[in-house]
Amino acid sequence: METAYERLLLSAQKEASDKGETIKDTPYRLGFHISAPANWINDPNGLIQFKGEYHVFYQFHPFSEKWGPMYWGHVKSKDLVHWEQLPIALAPFEDYDRDGCFSGSAVEHDGKMGLIYTGNVWLDDQQQELKQVQCLAWSTDGVNFTKDCSNPVLSRIPEEGSSHFRDPKVWKHESSWYMVLGTKKNELGKVLLYQSDDLQNWKYEGVLAENKEENLGFMWECPDFFELGGRHVLLISPEGMEQEGTEYVNLKQTGYFTGEFSYETMQYKHGQFFELDKGHDFYAAQTFLDDTGRRILIAWMDMWEQEMPSQEDGWAGALTIPRVLSLDKEGRLLMHPVAELDSLRKEKTVSVKEYAIENELVIGSADMAEIAAEFRVDDPGVRAFGVKVRCGDGEETVLTIVPDECKLVLDRENSGKGPGGGLREAKLSQVKSVSLRIFLDRSSIEVFADGGACVLTSRIFPSSDSLGIKLFAEGGTVNVQSAEVWTLGDAYIKR
Ligand code: FRU
C-alpha cells in the first residue's frame, strides 16, 4: 500500500517528468548543466560523494516554472559531468515542513546518506511570518529517503537569531558533527554554529560571524564553512548588500571570508568579505569534499527576481558547472572547472596559433562550446580586446578586456531575450598576457580568467541561430597566441 507521502512524491515526479518530455527540445534547454526535467529550481543542496557517486540535490518546485513549496530534486553522476535524474528526494508534507523543504546539506553516517534541511511553515497568508526548523532524512540506497521520527531535530532559536533560521550545512570534524546556520537579528545577517554527537541533539556554540553594521546585508543565507589550504573559509549568500561601484551589483551576492578557526574556543577570526563570482547569475553556492580531496563548489546559476525567458517554455533555473576551489597567496579563492569536463569535448573546430588581429576574427560557430584563448598585448594603442559569442543578427555577448583599467567586462545587453542588466566587471591582476577559458551552454556563459581569480557567470537567451564566435581588438594589434574551440556534447542521461 502506498502512503499519502509516497503518492505525493510520485505525482510530483510524474508532473515534472511528463512536462519534461514536452519541453526537452526547446531552444534554451541546457546541455551540460544541471536543471530540472521541467519547472523551477534554485539552490544546490546536499552535495556529497556517496559510495563513489556524486549526488546533487536542488530546491525544486515540480508543479510550476515559478518558485513555490520547495521539494528536493535529485541527480547523480559518476564523473561530475554526466548526470542522471533520480526520483524527487524530499517533499513538503509534515506539520514541521508543510510549506517547503528548504536548503540544506548531506552527510554520510553509518553507511547511510543523511540529509539535513530546513522545514518551512508560513504563519500567515502573505508569507511574511514564518517558522523554520531543522530536520533530518535518511537513505540506505542513496535514492529513497525517510524523514527521521525525531524531526524537527532543532527548533529552538537562540537569543542571537530570529525566525529566519535556515540552510544547515553539516560536517564532521574528528568524532563530532558541526553545523552552521544562516539567520538575522535586527536586520543584520549572521551565521550560528552548533555541535552534535549524533546529528539529532544539537548544542548551540554561538555566533560564528556576523554583520557588525557594515554593508554586509540583513540576512545571511546558505552558509558553508570549511578548511582549505590551512585556512578556514566561510561562504555566505547575503541579502541586502548595497552596490559599491562595480561591486555587489546583483540583487544578492555570494561571497566569502577567510580566516582562522579554533575548535577549542569555537572562535573565528576573519578578514574582509569578497564577492566570489562577478557575473549576473551566481547565488547560494555550496561545496563538498570529494574522495580525491578536492573542495568542489556548485552554485545556482540565476538570480532572484530576474526575468527568466525560459519560463515561457516551462522551466527555470540551473546550476553552475562544478568548480574546484583553492586559495592564492593572499587568501583569495580561486575557481577552476573540474578536469572531468574535458570529457564533454566533441570536436576541436578551431586552433589558431600566433595570429595578429586588428579588428575581428571569426573563429567558430556553436551554441555549446569550450573556448580557450590566450592574448598578448604589446601595442600600447590597444583600447579593448576580447571574445564575442552567440553572435547573430543584432545579437552578441561580449567579453572585453580593457587594458587601461585592467579589467574584464561581460556585456549581455544585446545577448538576446530577457534580462539584460548591463555590464558586470572584474579586476584583472595584469593585462599583458591574458588567458580566458569560456564554457558556453545553450543559455549560459561561464568565464574563467586570471588563474581562477576572476570568474563571471551569467545566463543569456540568444536566438538559436546566433552562433558566431569572434575574437576582436580595438585601437591596435593584439597577438592571439592561441585560440581553441571545442564543440561540447549533451551530458544528460535520461531516466
Ligand atoms: C536561497 C534561499 C534559501 C532557502 C531557499 C528556499 O536562495 O532563499 O535561504 O532555503 O532559497 O528555496
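Some points to look at:
- For residue 122, the stated conditions do not hold, so it cannot be described as surrounded by 14 or more Cβ atoms within 10 Å (Cβ to Cβ) and away from the ligand (no atom under 16 Å from the Cβ).
- Scanning the stretch 313-332 for residues that are more than 12 Å from the chain's Cα centre (by Cα) and either buried (at least 24 other Cβ atoms within 10 Å of the Cβ) or of a type in the set (Phe, Trp, Tyr) (or both), we see that the one that is nearest to residue 16 (Cα to Cα) is 315.
- Close pairs (6 angstrom Cβ cut-off, 6 or more residues apart or separate chains): in contact (Cβ under 8 Å) with a residue 60 or more places away in the chain in the stretch 11-32, open to solvent by 30 Å² or more (accessible area, probe 1.4 Å) and not in a loop (DSSP other than H, G, I, E, B) anywhere: 13/87; 23/313; 26/313
- Subset of the stretch 173-197 (residues that are within 16 Å of the ligand (Cβ to nearest atom), without any contact (Cβ under 8 Å) to a residue 40 or more places away in the chain and open to solvent by less than 10 Å² (accessible area, probe 1.4 Å)): 183, 192
- Pick from the stretch 53-95, criterion open to solvent by 10 Å² or more (accessible area, probe 1.4 Å), more than 15 Å from the ligand (Cβ to nearest atom) and in a loop (DSSP other than H, G, I, E, B), ranking: nearest to residue 20 (Cα to Cα): 82
- Residue within the stretch 269-285 that is at pLDDT 95 or above, surrounded by 21 or more Cβ atoms within 10 Å (Cβ to Cβ), among the acidic types (Asp, Glu) and in contact with a Leu (Cβ under 7 Å, 6 or more places away or on another chain) present: yes
- When residue 143 is tested against (1) within 16 Å of the ligand (Cβ to nearest atom); (2) within 23 Å of residue 298 (Cα to Cα); (3) aliphatic (A, V, I, L, M), just one condition goes unmet, and that condition is (1).
- When the stretch 438-466 is limited to residues that are open to solvent by less than 10 Å² (accessible area, probe 1.4 Å) and aromatic (Phe, Trp, Tyr), the one that is farthest from residue 249 (Cα to Cα) turns out to be 439.
- Strands (runs of 3 or more DSSP E) (entirely within the stretch 233-322) containing at least 2 residues that are aliphatic (A, V, I, L, M) and within 15 Å of the ligand (Cβ to nearest atom): 283-289, 295-300
- In this structure, residue 203 does not qualify as basic (Lys, Arg) and either buried (at least 20 other Cβ atoms within 10 Å of the Cβ) or touching a residue at least 40 places away in the same chain (Cβ under 8 Å) (or both).
- From the list 147, 112, the one residue that fits, being open to solvent by 50 Å² or more (accessible area, probe 1.4 Å) and more than 24 Å from the chain's Cα centre (by Cα), is 112.
- Any chance residue 305 is closer than 20 Å to residue 326 by Cα, among the acidic types (Asp, Glu) and open to solvent by 20 Å² or more (accessible area, probe 1.4 Å): no
The values are calculated or read from the model by the stated rules, or taken from the named source; none is laboratory data. The structure presented is a predicted model; accordingly, all values stated were derived computationally and were not measured. Counting neighbours? That spans all protein chains shown, and the Cβs are built from the backbone with ideal geometry, glycine included. Accessible surface is based on the protein model in full, side chains and every heavy atom, while ligands, DNA and RNA are left aside. Shrake-Rupley method; radii C 1.70, N 1.55, O 1.52, S 1.80 Å.
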